[in-house]
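Taking it in order: structure first as structure tokens, then the write-up.
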Amino acid sequence: MQYILSFLLFVLFALLVAGRAAMLHKRGIQAIVFGGKDKSDLALVPIVLALVYFICANAFGFPLWNPLKSPFWATQAPGWIGIALCVIAIAGLGASLASFGDSFRVGIDTDKPDKLVTSGLFAISRNPIYVCFDIFFIGQVLVHRSLAVLIFCVLIACWIHRQILKEEAFLDTRYGKEYSDYKAKVRRYL
């Protein structure tokens with residue numbers, strides 16, 4: 001049951017991001033700029049696809065080498081905590097996307113960046129979307145409790161931190177003092 005819920009929450013999480021990008025696209029805003037300027041970003045794609053496969057393998061019985069899917073522990077109690085974390089992350093992601101407004105981008109938009117967002121959840125964290133991603137993937141690790149999911153979630157968390165550092169460098173250049181003042185008041189994560 002937890003594996004199926006985990007899969008459905010993963011789909012909901014992805015649809016939330018894709019849906020927001022589609023809404024912006026209808027208004028003439030290209031929200032998906034991921035990998036456009038920095039092709040190394042595309043290295044994340046096979047990592048995410050592998051994670052999706054492992055989640056599906058547990059949920060639907062797809063073939064998977066047993067050492068990669070064997071649970072670290074037998075009890076499912078942490079899995080319910082993981083489900084709760086995924087739900088919290090989805091709610092936070094929705095609130096973050098609402099705060100972001102037309103400024104939402106997947107990747108760094110050097111051509112048509114919008115205004116600097118500092119309200120809503122961005123008044124608590126400079127990166128609430130990425131915090132929600134991390135919380136979501138911690139939840140997935142607790143549900144699946146396997147080596148494969150742990151490895152891929154750690155790789156994604158490392159990529160998220162790398163992306164944050166790249167975005168901060170861009171924001172420093174683009175917004176100057178406005179961003180420096182914001183950084184002085186609001187933490188990178190929480």
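The values are calculated or read from the model by the stated rules, or taken from the named source; none is laboratory data. On a predicted model such as this, the values are computed, not experimentally measured, just so you know. Every residue, glycine among them, receives a Cβ derived from its backbone with ideal geometry; neighbour counts consider all protein chains shown.
Surrounded by 13 or more Cβ atoms within 10 Å (Cβ to Cβ), in contact (Cβ under 8 Å) with a residue 60 or more places away in the chain and under 13 Å from PHE133 (Cα atoms), is that true of GLY79? In short, no. Taken over the stretch 15-60, the criterion of being of a type outside the set (Lys, Arg), in contact (Cβ under 8 Å) with a residue 40 or more places away in the chain and not in a helix (DSSP H, G or I) is satisfied by ILE29, GLN30, ALA31, ILE32, VAL33, PHE34, GLY35, GLY36, ASP38. Does VAL117 satisfy the criteria of being at pLDDT below 95 and more than 15 Å from the chain's Cα centre (by Cα)? So VAL117 fits the description; yes.
Of ALA148, ALA157, ALA184, ALA169, all but one fail to be within 13 Å of the chain's Cα centre (by Cα) and either more than 28 Å from TYR53 (Cβ to Cβ) or not aromatic (Phe, Trp, Tyr) (or both); the exception is ALA157.
State whether one or more residues within the stretch 59-78 are of a type in the set (Phe, Trp, Tyr) and within 20 Å of the chain's Cα centre (by Cα). Please lay out each step first, then the result.
Within the stretch 59-78, the subset of a type in the set (Phe, Trp, Tyr) is 60, 62, 65, 72-73.
From the residues that got through so far, the ones that are within 20 Å of the chain's Cα centre (by Cα) too are none.
Taking every residue of the stretch 59-78 in turn, none turns out to be of a type in the set (Phe, Trp, Tyr) and within 20 Å of the chain's Cα centre (by Cα).
Report whether or not LEU142 is under 25 Å from GLY19 (Cβ atoms), touching a helix residue (DSSP H, G or I) at 6+ places or on another chain (Cβ under 9 Å) and either crowded, with 20+ Cβ neighbours inside 10 Å or without any contact (Cβ under 8 Å) to a residue 60 or more places away in the chain (or both). Criteria not met by LEU142. Cβ-Cβ contacts under 8 Å between residues 6 or more apart (or on different chains), taken from a first residue in the stretch 177-190 that is within 23 Å of PHE133 (Cβ to Cβ) to a second residue that is assigned to a loop (DSSP other than H, G, I, E, B) and small (Gly, Ala, Ser), are listed as VAL186/SER125; ARG187/SER125; ARG188/SER125; TYR189/SER125; LEU190/SER125.
Can we say PHE34 is of a type outside the set (Val, Ile, Thr), closer than 30 Å to TYR179 by Cα and either surrounded by 14 or more Cβ atoms within 10 Å (Cβ to Cβ) or modelled with pLDDT of 95 or more (or both)? Before the answer, list the steps.
Numbers: of a type outside the set (Val, Ile, Thr): yes; closer than 30 Å to TYR179 by Cα: yes; either surrounded by 14 or more Cβ atoms within 10 Å (Cβ to Cβ) or modelled with pLDDT of 95 or more (or both): yes.
Against the criterion (of a type outside the set (Val, Ile, Thr), closer than 30 Å to TYR179 by Cα and either surrounded by 14 or more Cβ atoms within 10 Å (Cβ to Cβ) or modelled with pLDDT of 95 or more (or both)), PHE34 qualifies.
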